[in-house]
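Working notes, beginning with the structure itself.
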Amino acid sequence: MVKKKQLLENEQLELELLLEGIYRRYGYDFRDYAKAHTKRRLEYRRTISGLNNYAEMLHQAIYDEDFFTSLLLDLSINVTEMFRDPWFYKEVRELVVPHLKTYPFFKVWHAGCSAGQEVYSMAILLEEEELKERTQIYATDFNERILSQAKKGIYPLDSIRQYTANYLKSGGLQSFSDYYTADDRHVILKSSLRERVLFSSHNLATDGVFGEMNVIFCRNVLIYFNKELQERVLQLFCESLCPGGFLCLGTKESMKFSTVMEHFEEVAAREKIYRKKRR
Amino acid sequence: MAKKSGKYQAVVIGVSAGGIAALEKILPVLPEDFGLALLVVQHISADGGNYLVEHFSASCALEVVEAADKERIQQGTVYFAPPNYHLLVERAKTTALTVDAKVNYARPSADVLFETAAEAYCDALIGIVLTGANNDGAAGLARIKQLGGLTIVQSPKSAEATVMPMAALKALTVDHVLDLEEIGPFLVTLATKREE
């Protein structure tokens, strides 16, 4: 059994060297991602690529940029929906929007926006609340390829039933089909939805503070990080929010144990909506 | 209360169709001083809420909680994977959650829990596959066996849905095939088993 444990330790060492290599070669830092998840993703790529171990994978990753691009997609978080957790959006409408209505202009940041589903959800919500003209939405992700998907706003047709059900449950005011056109395989979101959206590259693991935001959405991203990186990112959000600004996390993400919690009050426990104190 | 000197430290359970009735024959049997952590994947709909925790808290001597992200796994506690999240175990014996794609059409998936727990606990892990109507858990149970853990499958004849136990029995040579009523008492004897 000692031997099996040693093999696992060796494998872990190789994996850490792979992540170190990726960071030094390409600047993408996955060293502080949650390890069990990262390993599962890399294991998948290793198996389908016919590589024997992570040392071989390191070699291929640093010499073969196309291979690295596929690794980058594997390590990106890309499972999301429009109006994911509809009750969350309902709470945004009822609790956050009234505050936004008091501002002549406000900024919203979707950090780790992936393929943009949650960005467009918020764009729809703000349009329905007649706040579109007063807002600037920033949508950022570290993965340029996923970001370019987000810019297009084209999603598989089979996802639309879920999106529509979510939209209705979230308290949507229109017919969801007003917001897209469909062909036989895709739904194409109305381009006017991104008039107020700026897509850009930003890496939460390595980049810094982002503007003076009124609302930050970062849902189901922190769970992929280890405690240290979670703390770094929460600091970054705290510094990027204006006083009275809102931070929205994923349902299973919490600021409870973070040192930045003292700067926030929890305004919706189940929905994980926090508000930065005015001091 | 925790018997930390025992051979085993944790139990992982994967269960699907017929699961609540099956777990009712296992979890309430375990005494307060059971001493091992239990991590359970019960396939449940995405908006299943906190039902499992509430249901089993009432009938169990052990503490029953929904697994949170990045939390130290405590002995003598039952952790349920939250609906619509995968539950993973880190090497440091902490929990982790993800919203990755479904595995075996399931999120949470037993394979995801089993494979990560196997690497964290190696031979100190007990893996159990119970009733269910898909193949989830079979590959994970094989990984547990490979890393020296103990493997248990509910006997298909005592299972409400036989597909999941059958898939596990096909995927590996399991250590014990037990009728549902035998599993709880057997775990109690394992909990006191010392390192050989």
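Things worth noting here:
- Spin-label proximity, B:K102 to the stretch B:140-184 - amide N less than 17 Å from point 7 Å beyond Cα toward beta carbon: B:164
- Counted over the protein assembly as shown, the DSSP beta bridges are approximately 30% antiparallel.
- Whole-number D in µm²/s for the protein assembly as shown (Stokes-Einstein; Kirkwood sum over Cα pairs; 37 °C, 0.692 mPa s): 139 µm²/s
- Accessible surface, 1.4 Å probe, highest first, among residues A:W87, A:W109: A:W87, A:W109
- The charge dipole of the stretch B:10-191, taken about its Cα centre with unit charges on the Cβ of Lys, Arg, Asp and Glu (plus for the first two, minus for the last two), comes to roughly 440 debye.
- Counting every pair of alpha carbons in the stretch B:10-191, the share spaced more than 29 Å apart comes to 7 percent.
- Rounded to the nearest 10 square angstrom, B:E160 shows an accessible area of 140 square angstrom against a 1.4 Å probe.
- Over the residues of chain B, the helix contribution to mean residue ellipticity at 222 nm works out to -8500 deg cm²/dmol, using -39500 (n - 2.57) for each DSSP H run of at least 4.
- Given charges at beta-carbon only (K, R positive; D, E negative), |dipole| of the protein assembly as shown in Debye: 420 debye
- If R0 is taken as 25 Å, the Cβ-Cβ distance between A:R31 and B:E71 corresponds to a FRET efficiency of 0.70.
- Note on A:E20: accessible area is roughly 60 Å² with a 1.4 Å probe, heavy atoms of protein only.
- Threshold 50 Å² - residues in the stretch A:238-263 whose accessible area is reduced by that much or more when the chain is no longer isolated, probe 1.4 Å: A:K252
- For chain A, the share of alpha carbon pairs falling in successive 10 Å distance bins from zero is 6, 27, 32, 22, 10, 2, 0 percent.
- B:V174 accessible area, assembled protein chains, probe 1.4 Å, Å²: 20 Å²
- Screening chain B for DSSP H helices whose Cα atoms reach 15 Å or more along their own axis and whose mean Kyte hydropathy is at least 0.0 gives B:110-121, B:180-191.
- Modelled this way, with points 7 Å down the Cα-to-C-beta line, the labels at A:S191 and A:E239 are 3.8 nm from one another.
- Projecting label points 7 angstrom from Cα along Cα→Cβ for A:F257 and A:H59 puts them 4.0 nm apart.
- Per-pair calculated FRET efficiency, R0 = 25 Å: A:A269 and B:D33 via Cβ, rounded to 0.05: 0.15
- Antiparallel bridge percentage (DSSP; both residues within chain A; nearest 5): 40 percent
- Label positions at A:E9 and A:S148, each projected 7 Å from the Cα along the C-beta direction, are separated by 4.5 nm.
- Among A:Y44, A:A55, A:Y103 - extreme Cα towards positive end, dipole of chain A, charges at beta-carbon: A:Y103
The values are calculated or read from the model by the stated rules, or taken from the named source; none is laboratory data. This one's a predicted model, so the numbers in the text were calculated from it and none came from an experiment. As a convention, Cβ positions derive from the backbone with ideal geometry for all residues, glycine included, and neighbour counts pool all protein chains shown. Only protein heavy atoms, including side chains, enter the accessible area calculation; ligands, DNA and RNA are left aside. Shrake-Rupley method; radii C 1.70, N 1.55, O 1.52, S 1.80 Å.
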